[in-house]
């Protein structure tokens, strides 16, 4: 069975909060990896970025289930 994109996939990528939060979670994960380098300049407790990543990921899950008005139709020509 071949996966099929939703009809408005481009619009979802540009406007969905779940996508935005997943991107933020990815950036926070990268910060966790870079923590040994960052720690030389700023003291950040271990696990901070991991905890923030978990919270943002939970937000992405919740936002995926909430109806987002800006994704329903094609009123603006997109």
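In the range 35-46, the qualifying residues are those that are in a helix (DSSP H, G or I) and touching a helix residue (DSSP H, G or I) at 6+ places or on another chain (Cβ under 9 Å), and the one that is surrounded by the most Cβ atoms within 10 Å (Cβ to Cβ) is 35. Scanning the range 47-73 for residues that are surrounded by fewer than 10 Cβ atoms within 10 Å (Cβ to Cβ) and at pLDDT below 85 returns 67, 69. Quick one: in the range 16-31, which of the residues that are surrounded by 15 or more Cβ atoms within 10 Å (Cβ to Cβ) and over 8 Å from the mean Cα position of the chain (by Cα) is farthest from residue 69 (Cα to Cα)? The qualifying residue farthest from residue 69 (Cα to Cα) is 31. Scanning the range 1-22 for residues that are part of a helix (DSSP H, G or I) and out of contact with any helix residue (DSSP H, G or I) (no Cβ under 9 Å at 6 or more places or on another chain) yields 9, 10, 14. Figure legend. Inter-residue proximity from the range 6-34: first residues under 30 Å from residue 46 (Cα atoms), second residues buried (at least 16 other Cβ atoms within 10 Å of the Cβ) and at pLDDT below 90, beta-carbon distance below 8 Å, spacing 6+ or different chains. Indicated pairs: 28/49; 29/49; 31/49; 32/49.
The values are calculated or read from the model by the stated rules, or taken from the named source; none is laboratory data. Just so it is clear, the model here is predicted, and its values are computed rather than measured. Neighbour counts run over all protein chains shown; Cβ positions are idealised from the backbone, glycine included.
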